[in-house]
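Have a look at the structure below, then the notes.
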Amino acid sequence: MQDWIAELENWQRRYAQLAQRARAHAVRTPGATPRREVARDTGWRLYRYGNVDGPPLLIVFALVNRPQVLDLSAERTLIGGLLARGVNVHLIEWDDPEPQLDVSLATYVQTYLADCVRRLLESSAATQLDILGVCQGGVLALCYTALHAASVRRLVTMVTPVDFHTPDNALSNLLAHVDVALMTEVLGNIPGPLVTRAFLALKPYSLVSKKFLDAALGEIADERLEVFLRMEHWIHDAPSLAATAFREFVQLFFHENRLLAGGLRLDGKAVDVAAIRQPVFNVYALRDHIVPPAAARALGTVLRAAPYAEFAVDAGHIGLYVSRGATTQVPRRVADWLAA
């Protein structure tokens, strides 16, 4: 009994020390690579990183989080890694949805993303661009490419779900029991903190308790503490989700699995992802609990005509953008594929 009490006291002391060190840090929001805004319109802003010449690459991130995790720190930056390898990097950043606006999935693909691509092509005097879609942003990028093939030269998908009904898809199994129509009717736009709690609930021990326990019991260096705090800031700074787009995304993909089953339509237009002909490079994570490897690898079975390559990374869903190893090898492999 005394040993158990002593252990609890030791944990309490270490947690207090960690909290004291955390308070002493001036936590900076993620974002290590200089960027500038080059265009904006309703619903989106376009940023350019650096001044690299060459075909523009547009990064399309998910709607459920902010894209700053791709540029977490100077040592852990997917964007910085691409820039250092000569890629002309741009990023579309979604505005938080206004409560009074009815923003659909088609609005994001056919208006926001389409307008951003048009502005980027006009400003760069290019006729086509490359797109890198991340997670849910990869789904948007696939839909856009299927609808606007003439604007896209090559497509990179990263931890992008295509088969939403794999047995190990915990998020899909969870959403199968959610009445999203009732949810959006009651809540309107979905609050960001609610989405964050849902993701954390998929692995509550490792994503909540364990990481704080490891940080407290280990002798965490200042650089790792800074990254830890930036990650926590990013996790809990989730934007709200537009009600209509959220309801449609859950219905079309999580419930009906339209990327795999076919029959997807946006704003009355058929979206035939299987007919994409652009070269596609599919990057996925082997320890991904949000987009299981089988869910991402299904893209190779869907595409009928596109030259297809894939790259598996020994990382988790977020680790693919922020772990030391991944932020070295992933930008290198993507840049090499784009150059080839």
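The values are calculated or read from the model by the stated rules, or taken from the named source; none is laboratory data. Please read all numbers here as calculations on a predicted model, not as lab measurements. Cβ placement follows ideal geometry from the backbone for every residue including glycine, while neighbour counts extend to all protein chains displayed.
Can you name every one of the strands (runs of 3 or more DSSP E) wholly within segment 30-84 that holds 1 or more residues which are more than 21 Å from PRO191 (Cα to Cα) and out of contact with any strand residue (DSSP E or B) (no Cβ under 9 Å at 6 or more places or on another chain)?
It comes to 35-41, 71-73.
From the set of residues in segment 223-281 that are part of a helix (DSSP H, G or I) and basic (Lys, Arg), which is surrounded by the fewest Cβ atoms within 10 Å (Cβ to Cβ)?
By that ranking, first place goes to ARG224.
What pairs come up if the first residue lies in segment 126-147 and is under 15 Å from ASP163 (Cα atoms), the second is buried (at least 24 other Cβ atoms within 10 Å of the Cβ) and small (Gly, Ala, Ser), and their beta carbons are under 9 Å apart, counting only those six or more places apart or on different chains?
Going by the 9 Å Cβ cut-off, the qualifying pairs are GLY138/ALA296; VAL139/GLY133; LEU140/GLY133; LEU142/GLY133.
Which of the residues belonging to segment 124-142 are surrounded by fewer than 24 Cβ atoms within 10 Å (Cβ to Cβ) and over 17 Å from VAL87 (Cβ atoms)?
ALA125, THR127, GLN136
For the structure I just gave you, tell me whether LEU120 is crowded, with 16+ Cβ neighbours inside 10 Å, closer than 24 Å to GLN68 by Cα, aliphatic (A, V, I, L, M) and in contact with a helix residue (DSSP H, G or I) (Cβ under 9 Å, 6 or more places away or on another chain).
So LEU120 does not fit the description; no.
Looking at segment 166-189, which of its residues are among the polar types (S, T, N, Q), more than 19 Å from LEU260 (Cβ to Cβ) and not in a loop (DSSP other than H, G, I, E, B)?
Within segment 166-189, THR184 is the sole residue that qualifies.
With respect to TYR49, is the statement that it is under 23 Å from GLY192 (Cβ atoms), among the hydroxyl-bearing types (Ser, Thr, Tyr) and touching a residue at least 12 places away in the same chain (Cβ under 8 Å) true?
It is false that TYR49 is under 23 Å from GLY192 (Cβ atoms), among the hydroxyl-bearing types (Ser, Thr, Tyr) and touching a residue at least 12 places away in the same chain (Cβ under 8 Å).
Which of the following residues is under 21 Å from ALA296 (Cα atoms), modelled with pLDDT of 95 or more and either among the hydroxyl-bearing types (Ser, Thr, Tyr) or part of a loop (DSSP other than H, G, I, E, B) (or both): THR107, THR111, THR145?
Step by step, each of THR107, THR111, THR145 is checked, and only THR145 is under 21 Å from ALA296 (Cα atoms), modelled with pLDDT of 95 or more and either among the hydroxyl-bearing types (Ser, Thr, Tyr) or part of a loop (DSSP other than H, G, I, E, B) (or both).
For the subset of segment 144-165 comprising residues that are buried (at least 19 other Cβ atoms within 10 Å of the Cβ) and touching a Pro at 6+ places or on another chain (Cβ under 8 Å), which member is nearest to GLY262 (Cα to Cα)?
LEU155
Checking the condition more than 18 Å from THR328 (Cα to Cα), of a type outside the set (Lys, Arg) and within 12 Å of the chain's Cα centre (by Cα), which residue from LEU63, LEU57 passes?
LEU63
Scan segment 244-261 residue by residue and report those that are touching a helix residue (DSSP H, G or I) at 6+ places or on another chain (Cβ under 7 Å) and under 17 Å from VAL109 (Cβ atoms).
Listed by number, the residues that qualify are ALA245, PHE246, ARG247, GLU248, PHE249, VAL250, GLN251, LEU252, PHE253, ARG258, LEU259.
Of all residues in segment 304-326, which are part of a helix (DSSP H, G or I) and out of contact with any Asp or Glu (no Cβ under 8 Å at 6 or more places or on another chain)?
GLY319, TYR321, VAL322, ALA326, listed by residue number.
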